[in-house]
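Note sheet for the following structure.
What follows draws every value from the coordinates through simple rules; no lab data is involved. This structure is a prediction, so every number in the text was calculated from the model and none was measured. Positions of Cβ are backbone-derived with ideal geometry, glycine not excepted, and every protein chain shown enters the neighbour counts.
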Amino acid sequence: MLTSFFRYLYGYVRVRLTGYSPERFLNLCKAHHIEIWDLQNNGSYYEMNLSIRDFRRLKPLRRKTKAHLLVIKRYGLPFFLHRYRHRKMFVVGIFLCIAFLYTMSLYIWNIHIEGNYSRTTNVILDYLESENIVHGMKKSEVDCKEIQSMIRIRFPDIIWVSAEIRGTRLLIRIRENMDSIPAKEETIQEEPRDIVASREGIVTSVLVRSGVSQIQVGDEVEPGQLLILGRIDILNDSGEVSGYQYTAADADVYARTTYTYYDEFVLSHEVRHPTGKKRYGIYAKVGGKTISLKLQPGFERFSVLNTEYPVKLTENFYLPLTFGSTIYEEYEIYTESYSKVEAEALAEANLNEFVENLAQKGVQIIENNVKIEVGTNICRAVGTITALEEIGSYTPTEVLEPIPEASDTDEK
Amino acid sequence: MNWKEEMTDALNLPKDLMLGAVIITITGKHEAYVENYMSLIEYTEELIRIQTKTCKLEIHGQHLDISYYTNDEMKITGEIQEVKYC
């Protein structure tokens, strides 16, 4: 392999040898340390390979043995260069290409982030961008250690970061804390607070963990009414209030509440009917400017649908260039009227949405007394919904003046 | 055996150096390496005759080629049928 490489580098020729005594010629070559390879006998003539340098030394041997040599083919770099000696720009191009590749290899072309689940790649990339770690920056300006500590400080739930430059890629591997998704911190309420009713209703259950209950099961409460008091009276031996102790009231107060539901809509409504006529346009956004190739749709009423294709060079390297296509679709407006069945279905859908919203808030629906009526022009859904829900909401406790301890001093 | 051979044998010296003996390494049927020779006497497709220091060497075969031919060594490829000392 190495031999053939050097033979190519220095160049060699294949020659055809004819004459009186080829063996003598070969032996003379050997004696003059001329290397011959791939020697082949084809009956009347011999063919062999010789290096260029050796070929030039053959002249006296040829004369001595009266051998006739004919060059059949030339191989190697010197012949190649000689053949293309006039193509100077080609060589320049090769060097320019090498220089270009080298220059380009000095920059970061791709930032690859892996191992992130809850933090999206875009969030991390945006943060890195704000710290001037961007695509196209110089590789020498990247400080991997700095990036690691920056990410760990900015995102506390990322427990392990490794930043590494491989080629022209900046690889950032992170490990998020999967075990304990940071639970909502149960702020231990130290401030004294009361619990008041947020809605009107009849109390169905009271569970007090801290504070003094002011209500009983079965009581009717008004919004804003005090349910649990965060102030505990301290009684002295004679049963008089001698002082107060404040606490953060904590209780589950459930009550039966009612919601009135009212929904009304007109049966006649406007419907958009696409006519099937469409117009297309394309546009490109360069930086902040938009170059568009739009035909004016020429429609009276139309909807517009834009689809954008951002151009990216590598995985996450978005160029400030976006291509987009626009579709204009013509439509006409007709006034239609819901049928009875349609109107009922629509009213029911609205009601279901309302109920579902309540359920998401943790409200338990007990009774649903909504009636849907379809008139000639109007559809109306009216009724009440009875529900069971927590009605407690927190307010700060009013702090009373401490009772002067005058009576205590008198006893002495 | 003359005294020179006896000496070489007794002193355990390499025979190719002391006696100028030819070394032929034949790998399978198609490759032969010849060292310690003097010159090529005849070369055709069927026969290669080599002059060594002590004797002549004939290699008979078909389609014999010389892959390389240098001062120290030559490599013969082709179908080797017979190797003969004369």
Net charge, A:Phe80 excluded, C-beta distance under 12 Å - Lys, Arg +1, Asp, Glu -1: +4
Positive-end residue, the stretch A:6-99 charge dipole about Cα centroid, Cβ charges, pick of A:Leu17, A:His82, A:Ala31: A:His82
Per-selection Kirkwood Rh - the stretch A:269-333 (Cα, Å, 1 d.p.): 13.4 Å
Calculated diffusion of the stretch A:2-82, Stokes-Einstein form, Kirkwood radius summed over Cα pairs, 37 °C and 0.692 mPa s, µm²/s: 254 µm²/s
At 1.306 mPa s and 10 °C, Stokes D of chain A from Kirkwood alpha-carbon radius, µm² per second: 47 µm²/s
Volume in Å³ per residue [convex hull over Cα atoms, computed for the stretch B:3-85]: 88 Å³
Cα extents of the stretch A:74-151 along the three principal axes, largest first (Å): 65, 22, 20
Fewest-first ranking of A:Asp179, A:Asp250, using other Cβ atoms within 10 Å as the exposure measure: A:Asp179, A:Asp250
Value of relative contact order over the stretch B:3-85, rounded to a whole percent, pairs C-alpha under 8 Å and six or more apart: 24 percent
Net charge contributed by nearby residues that have their C-beta within less than 14 Å of B:Val83 (K/R +1, D/E -1): -1
Fewest-first ranking of A:Ile111, A:Ile403, A:Ile153, using other Cβ atoms within 10 Å as the exposure measure: A:Ile153, A:Ile403, A:Ile111
Fluctuation leader among A:Asn27, A:Asn122, A:Asn110 - chain A, Gaussian network, Cα springs under 10 angstrom: A:Asn27
Spherically averaged projected area in nm², based on the convex hull that wraps the Cα atoms of the stretch A:110-176: 3.9 nm²
Cα-derived Rg to Rh of the stretch A:274-412, Kirkwood definition: 1.37
0 to 90° range, to nearest 10: angle between helix A:340-360 axis and chain A longest Cα axis: 90 degrees
The stretch A:261-391 - percent relative contact order, Cα under 8 Å, separation 6 or more: 32 percent
Bridge type composition, the protein assembly as shown - antiparallel percent by DSSP, nearest 5: 95 percent
Within a Gaussian network of chain B (alpha carbon springs, distance under 10 Å), most fluctuating of B:Thr44, B:Thr52, B:Thr70: B:Thr70
Difference of contour (0.36 nm per residue) and Cα-Cα distance, A:His82 to A:Phe265: 56.8 nm
Cut-off 14 Å between beta-carbons: net charge of the residues surrounding A:Asn377, Lys and Arg +1, Asp and Glu -1: -1
Derived scalar couplings ³J(HN,Hα) [the stretch A:258-274; Karplus, 6.51 cos²θ - 1.76 cosθ + 1.60; whole Hz; x for Gly, Pro]: 10, 10, 9, 10, 9, 9, 9, 8, 7, 6, 7, 8, 8, 10, 8, 10, x
Ellipsoid equivalent to the stretch A:167-324 - semi-axes via the Cα gyration tensor, in Å: 63, 33, 13
Ranked list, fewest to most other Cβ atoms within 10 Å of each Cβ, for A:Asp38, A:Asp194: A:Asp38, A:Asp194
Antiparallel %, DSSP beta bridges [both residues in the stretch A:110-176], to 5: 60 percent
With 5 Å bins from 0: P(r) over the stretch A:1-47, alpha-carbon pairs, percent: 5, 17, 25, 25, 15, 10, 3, 0
Whole-Hz couplings from phi, Karplus 6.51/-1.76/1.60, listed for the stretch A:45-51; x for Gly and Pro: 9, 10, 10, 7, 9, 9, 6
Relative contact order %, chain A, counting alpha carbon pairs below 8 Å whose residues are six or more apart: 13 percent
